[in-house]
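What follows is one structure encoded as structure tokens, with my remarks underneath.
The numbers here are math on the coordinates, done by the rules we state, and not lab data. What you see is a predicted model; the values in this text were computed from it and never measured. Don't worry about glycine lacking a Cβ; one is built from the backbone with ideal geometry, like all the others, and counts go over all protein chains shown.
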Amino acid sequence: MAEPRYLLRTFGCQMNEHDSERIAGLLTADGYVATEEAADANVVVFNTCAIRENADNRLYGNLGHLRPLKQANPRMRIVVAGCLAQKDGGTIRERAPWVDVVVGTHALPGLIELLHRAETEGPQLDVREQTEIFPSALPALREVAHHAWVSIAVGCDNACTFCIVPLVRGPQLSRPIGDVLAEVQGLARRGVVEITLLGQNVNTYGRDLTVPRSAQRPLFADLLRAVNRVEGLRRIRFTSPHPHDFTPDVIDAMAESDKVCEHIHFPLQSGSDRVLRAMHRSYRRERYLGWLERIRAAIPGIAVSTDIIVGFPGESEEDFEDTLDVVRRARFDQAYTFQYSPRPGTRAAEMEGQLDKPEVQERFDRLVALQEAIALERMREQVGSSAEVLIEGLGRKGGAQGRTRGNRVVHVGGEHAPGTFLDVRIVGAHPHHLEGELAERREHAAVG
Ligand code: 5AD
Ligand code: SF4
């Protein structure tokens, strides 16, 4: 008999990518193989995101498409996992009763058992409130062999007023440093050369592992240094630090650790102090810019990316100008820009001064135009330089595509397998990618 097949679709952030590797790992360990065709699948899993609006509409759209397939093949099992499952579990069952399993963010380890139970007992729902087993402890099946997401903490103790994450992922729970190291060592032994350490707020990593006010150790910096010593690993990335909890020892650890890449994702959210206050983000614009200055001074050439929200409730034209001003001064290499989206259950959703869509769109377009121009300038500064590129896959227009240590996407001609390191010379620049040519090998043969 042919093996049962699963189709897995992932939405949202890197934490979901990480969890999806575990979903794939659990299903593989249970004898399933992957498919891209819903009609062939015995199990279809949607790993969902709740951070912005429309995620639910998209989910119900996708579930609606599956309904006739499920009617034709009643043995097909449909699973909804991730943040929307955690947030809307009961509603999903009501609106799409043909869903077999709703599994929240804390309940992932029980996925296979839930699937088995669904066979005999009918639809299952597990949206428990606490993580008992770290998803990292589960078997993983990775999309690429050379890179791995490594979770160092789940959940978040902050309460940014726009953000749904603390509601769906719960309070911060850090993994013991030894567990993280053991995982990274195992990955490196199996040929992983690049890892991305994941946490909602990596700077507070370990805060929940120490006794309050006793061991005030800067644990994230320790972790970076320890991971840097793992043999075989070549690149370490992490996401995301929070400007509020950022500390100089992290800059020192980054500068001293040769494997830690010259890139930082440093979420600004807004350049207006008034809006930052309303967002419950406790740093201010000058402090943010001050951190950037220190980071750039300690790590020359470091690339900086950020997240910015436009149209937070009560944002005035003046507030928005403040954001544009910080964007001009910060000169980000890349910015992920979002239109504010009220998330039910968050404080900002209840605030007065919700803006109209056309106003937000108009500001958003201005911000994107400014940032695109800056991104292109930053990319042009790279032309003529040499870079080490780690190939990730095929380029869009033929050739291969990879990233520099600064996280810049580079297209290179020719066939190169994922996981290959190339030395390239940067010959062209676009706002979101560079063009590279293979650097000529240095001939050491004696001349003359
Ligand atoms: N509306 C718009 N953007 C949001 N983000 C988080 N919540 C919202 C929201 N309600 C953005 C933030 C965050 C990124 C992952 O998503 O910029 O850093
Ligand atoms: Fe959300 Fe703020 Fe926590 Fe980030 S730090 S996950 S934006 S609450």
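Quick notes
- Checked against (1) out of contact with any strand residue (DSSP E or B) (no Cβ under 8 Å at 6 or more places or on another chain); (2) more than 16 Å from ligand 1 (Cβ to nearest atom), residue 167 passes all but condition (2).
- Which listed residue is among the hydroxyl-bearing types (Ser, Thr, Tyr), in a loop (DSSP other than H, G, I, E, B) and away from ligand 1 (no atom under 16 Å from the Cβ), from 120, 131: 131
- Residue selected from segment 13-49 under the condition surrounded by fewer than 22 Cβ atoms within 10 Å (Cβ to Cβ) and touching a Gly at 6+ places or on another chain (Cβ under 7 Å), by the criterion nearest to residue 63 (Cα to Cα): 49
- Count of residues meeting criterion [within 15 Å of ligand 2 (Cβ to nearest atom) and either basic (Lys, Arg) or within 16 Å of residue 277 (Cα to Cα) (or both)] in segment 336-361: 6
- Residue that is farthest from ligand 1 (Cβ to nearest atom), among those in segment 179-203 that are among the small types (Gly, Ala, Ser) and crowded, with 17+ Cβ neighbours inside 10 Å: 188
- Residue that is surrounded by the most Cβ atoms within 10 Å (Cβ to Cβ), among those in segment 217-236 that are hydrophobic (A, V, I, L, M, F, W, C) and part of a helix (DSSP H, G or I): 220
- Condition check for residue 29: closer than 19 Å to residue 75 by Cα, more than 16 Å from ligand 1 (Cβ to nearest atom) and not polar (S, T, N, Q): no
- Residue match in segment 253-264 (condition: more than 16 Å from ligand 2 (Cβ to nearest atom), crowded, with 17+ Cβ neighbours inside 10 Å and in a helix (DSSP H, G or I)): yes
- Scanning segment 413-427 for residues that are crowded, with 17+ Cβ neighbours inside 10 Å and within 20 Å of residue 375 (Cβ to Cβ) yields 424, 426.
- Residue list for segment 50-83, filter: surrounded by fewer than 15 Cβ atoms within 10 Å (Cβ to Cβ) and on the phi > 0 side of the Ramachandran plot: 54
- Annotation: of all residues in segment 331-358 being part of a helix (DSSP H, G or I) and within 15 Å of ligand 1 (Cβ to nearest atom), the one that is nearest to residue 161 (Cα to Cα) is 348.
- Against the list (1) surrounded by 20 or more Cβ atoms within 10 Å (Cβ to Cβ); (2) closer than 17 Å to residue 241 by Cα; (3) within 15 Å of ligand 1 (Cβ to nearest atom), the condition residue 307 fails is (1).
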